[in-house]
Amino acid sequence: MEEQQNPLTYEIIKAAVAGEKWATEKVIAHYDSYIEELATVKEKQPDGSVRTFVDEDMKQSIILKLLEEIPNFPMEEAERIAKEETDEEI
């Protein structure tokens, strides 16, 4: 649901790849619920119950990896797709 409220536009991605802080924050916000899902762990307790929680260290590691990979985003392909979408609207 969050993705629909916080869409990643071509302009945001382009700015994030260029290193704009505001854009990288939007990318992280866009993927926040997915990152939390990936960082959620289940831990069996001594009494046999299962505790589910977000491992904050794992979450931060995932965010750091995302930040490292943003500059590697294939902008040429994104530009081609954005141009095709613009041409279809005309």
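What follows is calculated from the coordinates using simple rules that are stated; it is not laboratory data. Fair warning: this is a prediction, and the values are worked out from it, not measured in the lab. Neighbour counts are summed over all protein chains in view; Cβ atoms, including those assigned to glycine, are modelled from backbone coordinates with ideal geometry.
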- Message: Beyond a 18 Å Cα-Cα separation, which of these cross-linked pairs lie in this structure: Lys26/Lys83; Lys14/Lys83; Lys26/Lys59?
- Response: Lys26/Lys83
- Task: Please sort by residue number the chymotrypsin sites (Phe, Trp or Tyr not before Pro) in the chain whose DSSP state is loop and whose Cβ has at most 11 other Cβ atoms within 10 Å.
- Result: none
- Note on the structure: On the formula 1/(1 + (r/R0)^6), with r taken between the Cβ atoms of Trp22 and Ser49 and R0 of 35 Å, the FRET efficiency rounded to 0.05 is 0.25
- Query: What number in nm² do you get for the chain if you take the convex hull of its Cα atoms and divide its surface by four?
  - Reply: 7.6 nm²
- Proxy exposure order for Lys42, Lys59 (fewest C-beta within 10 Å first) is Lys42, Lys59
- Total charge of the residues flanking Arg51 in space, meaning their Cβ is under 13 Å from its Cβ, with Lys and Arg +1 and Asp and Glu -1, is -1
- Could you work out the relative contact order of the stretch 13-54, using alpha carbon pairs under 8 angstrom and six or more residues apart, expressed as a whole percent? 25 percent
- Task: For Lys42, list the aspartates and glutamates whose Cα falls under 14 Å from its own Cα; do not include residues on the same chain fewer than 8 positions away.
- Result: Asp55, Glu56
- Task: Provide Asp32, Asp57, Asp47 in ascending order of the number of other Cβ atoms located within 10 Å of each residue's Cβ, fewest first.
- Result: Asp47, Asp57, Asp32
- Message: Which of Val50, Val17, Val27, Val41 has the fewest other C-beta atoms within 10 Å, and how do the rest follow up to the most?
- Response: Val50, Val41, Val17, Val27
